[in-house]
Structure formats: C-alpha cells, structure tokens
C-alpha cells in the first residue's frame, strides 16, 4: 500500500507543480498587459494622434511615428508578400518534393526564426551603405525580408489544404497549371493566404531592431521615402530610455498602440481562419 | 470552332512558362537572401577579423577610443542570459504544456491556449520596457538583496550573487528573456504533446499508471525529439533577442562572475552602439559580432528544424 501512496503523492505533487507553472506564466503575462494598459491609458489623449514627437521636456504626440510605422509596414508587406506568396506557390504546386524545394523550405524555416537584428545589418550593408544615408526605404526593405518567410509558409500550407479534386477538375477542363492556380487554387485558399498576410503584418509592425540602423528615426514630419523616417518602435526605444517624464509617458502610449494593433491583427487572422474552416465544414 | 485553338494553346504555354518562372525566381530569392546575409556579414566583418584575427573572439577588451575590440564579453553575456532564460522557461513551459494537454478542463483549454499564442505575438520591445520599469525595481528592492544576503553563506553560489543590487544586469535580462520565450516554447510543446496518439496514453492508464507516470513514461519519450526541437527554437530566439535584453542588461562590456552585475549581449551591443560607432574598425567589429550571432543562431535553429522534421516524418508515417 505504501508504494501506491508514494506514487499517488508523486502524481499530485507534479500535477500541482504544472498548475503552478501555468498560473505563474499567466500572472507574469497578465502583469505585463496590466502595466501596459495602466501606463499607456494614463498618457493617452488626442494629442498622441495629432501632434509630432516633442523635443525633450515638452508635450507632444506620436503622429509622425504612427504615420512612419504605417508607411513602412505597408511598403514592407507590399514588397514582401508577393514574393512570399509566389515562392509558396512554387513549393506547393510546381516543385513539391524536388531537392530545391526541400532546401528552400528548410532555409525559409531558418529565416522565420532568424534574429531580426541580423536582417537589419544585412539591409544596412546592401542599402544604407550604398545609398550613403539612412532611409525609410531601407526600413521597409528590412521589414519585407522579415515578411517573406511568414507569407511563404502560410501560403504553402494553405494551398496544400485545397482538395486535389478541384485541381484535377480544372486540369480536366484543359486549364494550364497557371490558370488553375490563379482561378481555382488562389480563390479556394484565399482566406488562408489573407491570414498569412495579417500574421506577417503583425510580425513586422512591432519590429524594432532592424529599423534602428535602416530607417533610423526622425523627430519631424517626413513623407520622403529617401530620408530617415520616424517609427513607433524606435521612438519607444529612445523615449523609454530617456530621463524625461513626458517622453516616457509617450513611450508607454506608443507601446500600448502597437500591442493593441498587433493583438487586433492576430485575433482577426484567427477569425478569418475559423470562418474558412466552418465554410469547409458546410461544403 | 476548333476545340483546341492552336494560337490559344501557344499563348497558354507562354503564360505558363512566365508564371512558373516567376514563382521559381521568388523561391530562389529566399535562398539568395540567406546567402546575401552571410556574404554581407562576412564582407562587413572582414576588416575587424583581419585586424584582430582569432583574438577577436577571445579578447575581453572593448575600447572605442584606442580601437581595441574583443567579442568575449558579449558572447559570454549572450550565452549566460540565454542559459538563465532556458533554465527558467523550459520547466515552466513543460508545466504549461502538460496542463493544457492533460489536465485542463475542456472549457478552459481553448481560451488559455489562445491567450498563450497571442502573447507569443506581443513584440519584444514591450517585454523590454516592462522589464525596465516594473521588473527591475522589483528585483532591486526585494529579490536581489535577499539573494545577496542568503547566498553569502553558501560557498558554491556565493560568487554568483554578490555586489550591489543594480536591478538591471545579466540576471534581470535572463528573467525577461524567460518570460518572453515562455509562451513560444509552451505553444510548441503543446503542439508536440498533441501528436501523441490517444491510444498510447489510454494503454498507460489501462495498466494502472497515474497521470504523471503516463506523461513521463509515455508522452515524453514519444515526443522527445519534438520537445527538444521546440526548446532549441526557443533558445534560438533567446540568443538573438535584441529589444527585450537591451533595456535591462546595463550595457557594460565586461565579464563579472556575479549575475547581478551589468553586462552586455551581442545583439544589445549592436543595437546600442551601431549608429554611434565612429570609424570603420568600430563598425566592422560590431558587424563581426553580428556574424558570430548569425553563425550561433543558424546552428541552433537548423538543428531544431532538423529535429522537428524528424518528428513530423514519424507522425506522417
């Protein structure tokens, strides 16, 4: 009987530990979100969205940084997503199990979790050094490089989910592969691919490290792609580490804006995917 | 009307070729990017590597004034912070994954799972700013004085916890990293645990095993490759993480035995100093740091991917 009690005790002990681990994890992460909300909301006002980043010791907003982040993220996704989608199409429909595809798939997975600061150094070397100055364009390119692996991966996975009967039916009607892909497979996998795009936007809009030495920062309003441009992550980095209270408050507000938009993007990606799956179920 | 119009067919063949080549070029671009990263890093790091030779990797000195640079302190900081992060995050992630797959009431399973995944999407700069403003003061006021007081009498770890409680330093960076990679590792582990066939688990229960025994003797051995793969992916993230660390590491280019002392990591050195670096040798030394980080993370991530692939193949078979 003793042995049995021991086993049971061990069981309970480990299960309690696992429960504790879950609680600790949730509490830590809850604490982060709570701090973010309380500090971020405290400094939140219409100024944040209507005024430029201020000089030290005075009030202002984040308008130029929000604009810059939006522009660079958008540009990054416009450059990166088509490449990712096309490459994913090649892996899913043309190459499949060829040696090239196995290698590309592997390299893509490596890029997916490669440190973003390395990508920043890469773009610095090939764009910033060539051009001779920091620019929004370089920032957008760095973000594009980060967006490619995400879109590639989801596109390939989603194309593989399309029932092969649809492909066969299209081929039986005499359509060439490109026609099948564009007129049958892309529409069928549309919501999946959109999910990939949303995830990619979520991924790149919070990236700081690659922008530090590509887009740099700009205290003023700038719409020039050829010049340094303000962006939320770098502004947060700079302002949070400063000794000025106004700057720190703005950093928290910026952090809240970024986190909320990323959470909204991730949640909508899930909803799109769930809708697609329930669609499937009905058919 | 002919069923197959020859002109139409010829056009189709051309379109087909164009589209196919477009996708092929895009796929090749992925290889080109990785190759480009490697080449550009080596190219940028070359002046520093030629000037310092192998000594670059084993020198601790980092002096922009006399232009003497060595990578030992950042390498040490990167490894130690990642080690602390893994030591804290892996057991916790294991517990969370177990809870989610084996213990959690079905009603809570989805919400907690989704929460974990959403938190994995929170950008790292958020963890950094939280670490600086909330965690560091907390550690400085309560945890670090306690550690210093109690580690004093223990011979082995006495050296690890001494000196003033700065609040920021290697230990704080390790803790912030741990919290950051936790959701990521937990989500991967949960997915891996989910691949264990229910029949195997039920057989264990049928033999009278307790939940823990089933987990330790059935689930873990069956998913070992995937678990290790997930841990390595987390390690890859921790090694290369920049923003979460830069806020709380203290940015001091020195190696001290105390975990409470400020230090630096490869990525935080680059983030802090790159735009301020004056002189080609300084910039080149920072890029050389990047090259070391690239090699380190590439090896870890590649190994992790190979392990996860092995698991995938086994599940498919």
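The values are calculated or read from the model by the stated rules, or taken from the named source; none is laboratory data. Everything numeric here is computed off the predicted structure, so don't read it as measured data. Neighbour counts are summed over all protein chains in view; Cβ atoms, including those assigned to glycine, are modelled from backbone coordinates with ideal geometry.
Miscellaneous remarks
- Residue list for region A:252-278, restricted to those being without any contact (Cβ under 8 Å) to a residue 40 or more places away in the chain and more than 13 Å from residue B:117 (Cβ to Cβ): A:260, A:264, A:271, A:274, A:277, A:278
- Restricting attention to region B:239-261 and to residues that are in a loop (DSSP other than H, G, I, E, B) and within 14 Å of chain A (Cβ to nearest Cβ), the residue that is nearest to residue A:209 (Cα to Cα) turns out to be B:242.
- Restricting B:306, B:293, B:286 to residues that are at the interface with another protein chain (Cβ under 10 Å from one of its Cβ atoms) and surrounded by fewer than 20 Cβ atoms within 10 Å (Cβ to Cβ) narrows the list to B:306.
- Residue check for residue B:39: within 10 Å of chain A (Cβ to nearest Cβ), crowded, with 17+ Cβ neighbours inside 10 Å and either within 30 Å of the chain's Cα centre (by Cα) or not in a helix (DSSP H, G or I) (or both): no
- Candidate set: region A:216-248, residues that are away from chain B (no Cβ under 11 Å) and under 21 Å from the mean Cα position of the chain (by Cα); chosen: the one surrounded by the fewest Cβ atoms within 10 Å (Cβ to Cβ): A:230
- Count of region A:110-126 residues which are out of contact with any helix residue (DSSP H, G or I) (no Cβ under 7 Å at 6 or more places or on another chain) and facing chain B (nearest Cβ under 7 Å): 0
- Selected residue [more than 8 Å from chain B (Cβ to nearest Cβ), more than 18 Å from residue A:68 (Cβ to Cβ) and assigned to a helix (DSSP H, G or I)] from A:256, A:197: A:197
- Conditions (1) touching a helix residue (DSSP H, G or I) at 6+ places or on another chain (Cβ under 7 Å); (2) on the phi > 0 side of the Ramachandran plot: number failed by residue B:122: (2)
- Evaluation of residue A:64 against (1) touching a helix residue (DSSP H, G or I) at 6+ places or on another chain (Cβ under 8 Å); (2) more than 10 Å from chain B (Cβ to nearest Cβ); (3) assigned to a helix (DSSP H, G or I) (one fails), failing number: (1)
- The residues in region B:98-129 that are within 14 Å of residue A:207 (Cα to Cα), surrounded by fewer than 21 Cβ atoms within 10 Å (Cβ to Cβ), within 7 Å of chain A (Cβ to nearest Cβ) and touching a residue at least 40 places away in the same chain (Cβ under 8 Å) can be counted, and the count is 0.
- Every residue from region B:203-217 that is part of a helix (DSSP H, G or I) and surrounded by fewer than 20 Cβ atoms within 10 Å (Cβ to Cβ): B:203, B:204, B:205, B:206, B:211, B:213, B:216, B:217
- Candidates A:99, A:3, A:105: the one that is more than 7 Å from chain B (Cβ to nearest Cβ), under 27 Å from the mean Cα position of the chain (by Cα) and free of Cβ contacts under 8 Å to residues at least 60 places away in the same chain is A:105.
- Count - residues of region B:109-130 that are farther than 18 Å from residue A:248 by Cβ and part of a helix (DSSP H, G or I): 13
- Considering B:133, B:184, the condition of being in contact with a helix residue (DSSP H, G or I) (Cβ under 9 Å, 6 or more places away or on another chain), at pLDDT below 90, within 14 Å of chain A (Cβ to nearest Cβ) and in a helix (DSSP H, G or I) is satisfied by B:184 alone.
- The residue list A:78, A:29, A:15 contains one member that is within 14 Å of chain B (Cβ to nearest Cβ) and at pLDDT 85 or above, which is A:15.
- Residues (touching a residue at least 12 places away in the same chain (Cβ under 8 Å) and within 11 Å of chain A (Cβ to nearest Cβ)) located in region B:191-228: B:211, B:214, B:215
- Taken as a whole, region A:83-96 holds at least one residue that is closer than 16 Å to residue A:197 by Cβ, without any contact (Cβ under 8 Å) to a residue 24 or more places away in the chain and either away from every other protein chain (no Cβ under 14 Å) or in contact with a helix residue (DSSP H, G or I) (Cβ under 8 Å, 6 or more places away or on another chain) (or both).
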